[in-house]
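First comes the structure, then the notes that go with it.
Please treat every number below as a calculation from the coordinates, not as lab data. Keep in mind the model is a prediction, meaning the values are calculated, not measured. Quick reminder, even Gly has a Cβ in these numbers, built from the backbone with ideal geometry, and neighbours come from all protein chains shown.
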Amino acid sequence: MTTLRIDLRRGALITAALALLCSVFLVLPASADPAPYDDCPPATFCLYSGADGTGERRDFTDRQALESYDATWDGKSLSAKNNTALWACVYGAPAYGGLLETVKPGNKDVYAPGAVRSHKLVPTRALCFTGYERCPDNRVCTFTEPNGRGAMTAHLPSTDAATKNYGTVYGTEAAPKSAWNRTQKHVCFYPEPTFTGSWADPADATGQKRFGAYVVLRGDSTTVPAPFAGTFRSHELVNGTADCQ
């Protein structure tokens, strides 16, 4: 009889242990979706089609920059997570143009519809405010916005039959507000497509004082001031500034 009581007691203990183990499994929560933005991989800049890290996600590594997006994604980003060690520069227009917002490494951001149309990743926040780095070597690059931002035109030097200098003519659509001269010559900009013309001095009420060619020295980059900004129609490359027309 004693042996039977011991066995029954041991069986009761085993049954209680099994019941407790089952209860542990029953209260375990179901697997949950990641918290907003937590799905952004390391060393990645993530754009989301929804607010607060929701919706479709597009990933860009810390070595990528995008001057414009395809039509299905252009202006469709409503939030972002910068999971890189770099600053993210987000622009409201293609080619690093329009309104600018910066995202610190590790931070998140939200946007109005249509506010994100290009981006780049840079080591310092100051580099978000310029776009000169796009200009290839041995080119004169003009930009439709100040500080090398906006649509860029890289002018390939070609010999002008009349002046024997390297010259380029362009229309109003490329009239620059900034420029970088990455050639070994100086650049003379003109308001006429014939490598000629001058500008009136806005400070001279008589209108008699005028400026000749606007010069950008070899290796220099500049934001073009008034009254020259947006008025260039041609330029030529010269060995000395005295050679400007």
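By counting other Cβ atoms within 10 Å of each Cβ, how are L78, L66, L47 ranked from fewest to most?
If I rank by nearby Cβ atoms, fewest first, I get L66, L78, L47.
Give the relative contact order (percent, whole number) for the stretch 132-243; include only Cα pairs under 8 Å separated by 6+ residues.
Taking the mean separation of contacting Cα pairs over the length of the stretch 132-243, I get 31 percent.
Using the count of nearby Cβ atoms within 10 Å as a rough guide to exposure, how do D74, D62 rank from fewest to most?
D74, D62
May I ask you to list the lysines whose Cα is less than 25 Å away from that of K209, ignoring any residue fewer than eight positions away on the same chain?
Output for K209: K177.
Give, rounded to the nearest 20 debye, the magnitude of the charge dipole that the stretch 35-153 has about its Cα centre when Lys and Arg contribute +1 at Cβ and Asp and Glu contribute -1 at Cβ.
Roughly 220 debye for the stretch 35-153.
Is any residue of the stretch 211-233 close enough, with backbone N under 16 Å, to a label point placed 7 angstrom from the Cα of N239 along the Cα-Cβ axis, and if so, which?
Counting backbone N atoms under 16 Å from the label point, the list is 218.
May I ask you to list the residues of the stretch 217-232 whose amide nitrogen lies under 15 Å from a point 7 Å from Cα along the Cα→beta-carbon direction of K209?
Backbone N within reach: 227.
So how do Y48, Y111 line up by other beta-carbon neighbours within 10 Å, fewest first?
Final ranking by Cβ density, sparse to dense: Y111, Y48.
With equal scatterers on the alpha carbons only and no solvent term, can you work out the Debye log10 of I(q)/I(0) for the stretch 44-129 at 0.16, 0.22, 0.25 1/Å?
Values returned for q = 0.16, 0.22, 0.25 Å⁻¹ are -0.49, -1.00, -1.33.
Using the Karplus curve 6.51 cos²θ - 1.76 cosθ + 1.60 with θ = phi - 60°, what ³J(HN,Hα) values do you get for each residue of the stretch 139-153, in whole Hz, with x for Gly and Pro?
Karplus values, whole Hz, x for Gly and Pro: 9, 9, 10, 10, 10, 7, 10, x, 6, x, 9, x, 4, 10, 10.
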